[in-house]
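Chemist: I am attaching a structure below and will ask some questions about it afterwards.
The values are calculated or read from the model by the stated rules, or taken from the named source; none is laboratory data. Because the structure is predicted, anything quoted here is derived from the model rather than measured. Using ideal geometry, Cβ is built from the backbone for each residue, glycine included, and neighbour counts are taken over all protein chains shown.
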Amino acid sequence: MDIIINGIVQAFQLLIHGDRGVLEVALLSLGISLSATAISLITGVTLGTVLALTRFTGRRFLISLVNTGMGAPPVVVGLMVTIFLWRSGPLGLLHILYTPAAMVIAQVLISLPLIVGFTLAAIQNIDPKLRMQMVALGASRVQMVWLLLREARLPLLAAVMAGFGAIISEVGASTMVGGNILHQTRVFTTAIVQETGRGEFGLAVALSILLMVLVYVVNLVLTFAQQRSKLR
Amino acid sequence: MRVRRGIKALLPKALAVLLSAGIAASVIGCGAKPAAETTATTSTFTPPANPEVILATTTSTADTGLLDAILPMFKAKTGYDVKPIAVGSGAAKAMGDRGEADVMLLHAKDYELDSVNSGSGINRTLIMHNDFVVAGPPDDPAGIKGMASSVEAFKKLAAAKVTVITRAMNSGTDLAESKIWAAAAIDPVGQSWYIQSGQGMGASLLVASEKGAYCLTDRGTYLKNQANLTLDILVQGDTAYMLNVYHALEVNPAKWPKVNNAGAKAFIEFLVSPEIQQFISTFGVDRYGQPLFFPDAGKSEAEVGG
């Protein structure tokens, strides 16, 4: 118990002193996970919408893959990305293993199925009569898709929160593809694992608290966006 | 009309917020870095053509904080940016054997020699040593305290069937431990009292402490974690089995043309330089009252005792 209290005290000290190392870790965590969430959001919403509104052979099979991907173990994704990015691997020429870019790739692969799955469910959940009404009112295909997405904004923002939450809290893939390198790829979760391994429990608890605060702040912003747009 | 307004109003705010925040954070994150880079450029060296060096290393060099201390010094001196990938010695050797690392820092003689024999590792260079110790519960139910021979002590542990924690993981420690078991002619794997933690050394010591178990550990990791442990050092000083010697190896550029051999050479030169050897000899004294490693550059393996 004293370790947790000590950790809380240490977390406050780190915050008040604006510790540079912690700031760097926080910015890296945020930068990597927000970029990955943004990329997943753009591709995921597109793919999810296509899957929801079109009918083609293999569609159900594809959806089953997406649903499985929603539960894909991050370490497996991490291992695969590592092997692909190795110098001897098919994407070795890129030279991005052990860089934030590699972490973004792994995190996109982890969060993408979540966002595709949520988008698909959200759009399919909209009353089909609305679509018919829009067509009757002369909406173009683009206009219809925009309106459907707008209609589905609540679950879509939930998708963003789920995707972001999954990757900012992820440690296995981040360690494998990032390498937990100081100043470059050391993010909150990998630092927490390392400090725990080093026996620096106070610091590990302090970092955990700061990570949870960060996740809370991001979700607070997203929640406000979600609930405000509901009123309009 | 409603449709048009909907489209205009729709610019997904969350996306905009996410994108700009992500970009801003990455920019600030990158902006934080040049502090180190500018200090580096003020010193006198020609920047290396390929500044990125991947170091595959055992966890103890990272967990003790040694790498965090010396890598910035290396960067300031040469411009090389070393990326340490801290895994077990077995995994570190495997990375070198595939050409996925440029330089290896290991503490497992068998793996090192294997790497040299297979042509993957070259210029195996002695860097430093510390030693392994047997840690166990202070009341020492197996009664091994003060024994001079690790082999005899292990026989007693097996006879008493007290819980023993092992890392496994193909680590250097694991390798040293298996040699002692082999010398004692005991195969502990599969015994109910022999527990594989499958974690790093620090975490394994915690498990041992919680379970009141015995554990072979490197002294550095024990000292680093001592405050959190109810474990005493019970057996130490058996130089036949308990020396923990660290060597650096370059990954052979003839076998793996993509490796950064210039960077690997520079890093090993740096490790054996008098300045860094002096630094290693005092590293940890301020916190633990004794050094975590003893520098050995230029010595022969026989002199160290390995």
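Chemist: Just the residues that are out of contact with any Pro (no Cβ under 7 Å at 6 or more places or on another chain), in contact (Cβ under 8 Å) with a residue 40 or more places away in the chain and farther than 19 Å from residue B:198 by Cα, please, taken from the stretch B:79-94. So that I can check it myself, show each step before the final result.
Modeler: Narrowing the stretch B:79-94 to residues out of contact with any Pro (no Cβ under 7 Å at 6 or more places or on another chain): B:82-94.
If we keep only those that are in contact (Cβ under 8 Å) with a residue 40 or more places away in the chain too, we end up with B:82, B:88-91.
If the condition is that a residue be out of contact with any Pro (no Cβ under 7 Å at 6 or more places or on another chain), in contact (Cβ under 8 Å) with a residue 40 or more places away in the chain and farther than 19 Å from residue B:198 by Cα, then B:82 is the only one that fits.
Chemist: Here's a follow-up. Return yes when residue A:149 is touching a residue at least 24 places away in the same chain (Cβ under 8 Å), crowded, with 20+ Cβ neighbours inside 10 Å and closer than 26 Å to residue A:222 by Cα and no when it is not. Let's see the steps before the verdict.
Modeler: On the way: touching a residue at least 24 places away in the same chain (Cβ under 8 Å): yes; crowded, with 20+ Cβ neighbours inside 10 Å: yes; closer than 26 Å to residue A:222 by Cα: yes.
Spelling it out, residue A:149 is indeed touching a residue at least 24 places away in the same chain (Cβ under 8 Å), crowded, with 20+ Cβ neighbours inside 10 Å and closer than 26 Å to residue A:222 by Cα.
Chemist: Related question: Among the candidates B:113, B:175, B:105, B:157, single out the residue that is under 27 Å from residue B:290 (Cβ atoms) and in the same structural domain as residue B:296 (by TED's automatic domain parsing). It would help to see each step written out before you state the result.
Modeler: Values: B:113 fails: under 27 Å from residue B:290 (Cβ atoms); B:175 fails: in the same structural domain as residue B:296 (by TED's automatic domain parsing); B:157 fails: in the same structural domain as residue B:296 (by TED's automatic domain parsing).
Matching residue, one of B:113, B:175, B:105, B:157: B:105.
Chemist: Next question, about the same structure. Based on what the data block shows, is residue A:213 at the interface with chain B (Cβ under 8 Å from one of its Cβ atoms), within 27 Å of residue A:101 (Cα to Cα) and either assigned to a helix (DSSP H, G or I) or touching a helix residue (DSSP H, G or I) at 6+ places or on another chain (Cβ under 8 Å) (or both)?
Modeler: Values: at the interface with chain B (Cβ under 8 Å from one of its Cβ atoms): no; within 27 Å of residue A:101 (Cα to Cα): yes; either assigned to a helix (DSSP H, G or I) or touching a helix residue (DSSP H, G or I) at 6+ places or on another chain (Cβ under 8 Å) (or both): yes.
In short, no.
Chemist: Please find, within the stretch A:177-194, the residue that is surrounded by the fewest Cβ atoms within 10 Å (Cβ to Cβ) out of those that are at the interface with chain B (Cβ under 10 Å from one of its Cβ atoms) and closer than 19 Å to residue B:201 by Cα.
Modeler: It comes out as A:193.
Chemist: Which one of B:227, B:213, B:240 is surrounded by fewer than 20 Cβ atoms within 10 Å (Cβ to Cβ), more than 14 Å from chain A (Cβ to nearest Cβ) and more than 18 Å from the chain's Cα centre (by Cα)? Before you say what the answer is, go through the steps one by one.
Modeler: Details: B:227 fails: more than 14 Å from chain A (Cβ to nearest Cβ); B:213 fails: surrounded by fewer than 20 Cβ atoms within 10 Å (Cβ to Cβ).
After applying the criteria, what remains is B:240.
Chemist: Another question, then. Quickly run through the stretch A:111-144 and pick out the residues that are within 24 Å of the chain's Cα centre (by Cα) and of a type in the set (A, V, I, L, M). Steps first, answer last, please.
Modeler: Initial filter on the stretch A:111-144 (within 24 Å of the chain's Cα centre (by Cα)): A:111-125.
A:112, A:114, A:115, A:116, A:120, A:121, A:122, A:123, listed by residue number.
Chemist: Something else: Would it be correct to say that residue B:151 is away from chain A (no Cβ under 12 Å) and either free of Cβ contacts under 8 Å to residues at least 12 places away in the same chain or buried (at least 24 other Cβ atoms within 10 Å of the Cβ) (or both)? Please lay out each step first, then the result.
Modeler: On the way: away from chain A (no Cβ under 12 Å): yes; either free of Cβ contacts under 8 Å to residues at least 12 places away in the same chain or buried (at least 24 other Cβ atoms within 10 Å of the Cβ) (or both): no.
When the stated conditions are applied, residue B:151 does not pass them.
The rows are residues; the columns are (1) modelled with pLDDT under 95; (2) in contact with a Phe, Trp or Tyr (Cβ under 6 Å, 6 or more places away or on another chain); (3) within 11 Å of chain B (Cβ to nearest Cβ).
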site	(1), (2), (3)
A:91	yes, yes, no
A:122	yes, no, no
A:132	yes, no, no
A:145	yes, no, yes
A:162	yes, no, no
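Chemist: Here's another thing I want to ask about it. Taking residue A:98 as meeting all but one of (1) of a type in the set (Phe, Trp, Tyr); (2) surrounded by fewer than 20 Cβ atoms within 10 Å (Cβ to Cβ); (3) touching a residue at least 12 places away in the same chain (Cβ under 8 Å), write down the number of the exception.
Modeler: Of the numbered conditions (1) of a type in the set (Phe, Trp, Tyr); (2) surrounded by fewer than 20 Cβ atoms within 10 Å (Cβ to Cβ); (3) touching a residue at least 12 places away in the same chain (Cβ under 8 Å), the odd one out for residue A:98 is (2).
Chemist: For the stretch A:131-152, how many residues meet the condition of being among the charged types (D, E, K, R) and in contact with a helix residue (DSSP H, G or I) (Cβ under 6 Å, 6 or more places away or on another chain)? Let's see the steps before the verdict.
Modeler: Kept after step one, since they are among the charged types (D, E, K, R), are these residues of the stretch A:131-152: A:131, A:141, A:150-151.
Applying the additional criterion that residues be in contact with a helix residue (DSSP H, G or I) (Cβ under 6 Å, 6 or more places away or on another chain) yields A:150.
Residues flagged as among the charged types (D, E, K, R) and in contact with a helix residue (DSSP H, G or I) (Cβ under 6 Å, 6 or more places away or on another chain) within the stretch A:131-152 amount to 1.
Chemist: Applying the selection to the stretch B:157-173, what residues are at pLDDT 90 or above and at negative phi?
Modeler: Of everything in the stretch B:157-173, those that are at pLDDT 90 or above and at negative phi turn out to be B:157, B:158, B:159, B:160, B:162, B:163, B:164, B:165, B:166, B:173.
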